[in-house]
Amino acid sequence: MATKFFINIHENPIIAAVNDSLKFEEMLKSPVENVFLLSGNILNIGGIVNKCKRHNKGVFIHIDLIDGIAKDKWSLEYIAKNVKPDGIITTKSNLIKLAKKFGLFTIQRLFILDSLSLERGIKLIKSAKPDAVEILPGIIPKVIKYIHEETRIPIIAGGLIRNKEDVIECLNAGTLGISTSNSEVWYM
């Protein structure tokens with residue numbers, strides 16, 4: 001799973017971040033190879049993941065944002081065995097560690113608001129050892145570069161990515177990929 005993600009992201013670094021049904025249908029037609037699902041519920045998430053896979057999209061669900069799913073071992077086991085996404089995204093380090101036990105590719109999502117959240121984030125990454133880290137907002141190249149140098153974990157930039165310049169700055173700072181709900185960027 002991890003190898004497929006890294007191959008896909010190397011070929012096309014744009015990741016569609018989808019949080020509504022209209023964007024979902026547009027994403028299916030877009031050239032993006034990976035999608036971050038930021039909405040859904042226990043009843044529809046399996047169908048959404050299957051539809052993504054039928055369109056040859058790598059699919060990663062933000063476990064914290066799926067309604068009706070508890071944030072515990074049993075939910076992760078259910079997701080791994082029944083929903084079968086390519087991986088999960090979460091802000092919770094304990095879920096990263098549990099998801100790895102079920103063979104899921106893990107992406108730690110970090111919100112960098114100030115120097116304290118930066119230091120705390122680095123400690124969390126070093127402790128949980130996710131497969132990749134998504135940093136928000138994604139328009140902070142200096143912080144992206146610093147986190148990558150400190151942790152040596154692949155970085156995905158997300159949030160407030162508006163144009164080609166933002167994408168290039170993030171890629172030049174060392175990000176592996178860009179997650180964005182801005183469908184105009186999906187076609188870059």
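Condition check ((1) surrounded by fewer than 14 Cβ atoms within 10 Å (Cβ to Cβ); (2) hydroxyl-bearing (Ser, Thr, Tyr)) across all residues:
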| residue | (1), (2) |
| --- | --- |
| Ile15 | no, no |
| Lys23 | no, no |
| Lys29 | yes, no |
| Ile48 | no, no |
| His62 | no, no |
| Lys71 | no, no |
| Tyr78 | no, yes |
| Asp86 | no, no |
| Thr91 | no, yes |
Inset, instruction - For residues that are over 29 Å from His55 (Cα atoms), of a type outside the set (S, T, N, Q) and in contact (Cβ under 8 Å) with a residue 24 or more places away in the chain, scanning just the stretch 93-125, find the one that is surrounded by the most Cβ atoms within 10 Å (Cβ to Cβ). - result: Gly121
Inset, instruction - Kindly indicate the residue of the stretch 141-176 that is among the aliphatic types (A, V, I, L, M), at pLDDT 90 or above and not in a helix (DSSP H, G or I) and also farthest from the chain's Cα centre (by Cα) among those meeting that condition. - result: Ala173
Inset, instruction - Being in contact (Cβ under 8 Å) with a residue 60 or more places away in the chain and not small (Gly, Ala, Ser) narrows it down to one of Ile15, Ile89, so name that one. - result: Ile15
Inset, instruction - Please state which of the following conditions His10 fails to meet, knowing it meets all the rest: (1) surrounded by 13 or more Cβ atoms within 10 Å (Cβ to Cβ); (2) under 28 Å from Ala173 (Cα atoms). - result: (1)
Legend entry - Selection within the stretch 140-160 - touching a residue at least 40 places away in the same chain (Cβ under 8 Å) and of a type in the set (D, E, K, R): none
Inset, instruction - State yes or no: is Asn82 polar (S, T, N, Q) and surrounded by fewer than 14 Cβ atoms within 10 Å (Cβ to Cβ)? - result: yes
Legend entry - Residues located in the stretch 114-140, provided they are assigned to a loop (DSSP other than H, G, I, E, B) and within 17 Å of Lys92 (Cβ to Cβ): Lys129, Pro130, Asp131
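The values are calculated or read from the model by the stated rules, or taken from the named source; none is laboratory data. The structure displayed is predicted, hence computed values, not measured ones. No Cβ is skipped: glycine too gets one built from the backbone with ideal geometry, and neighbour counts run over all protein chains shown.
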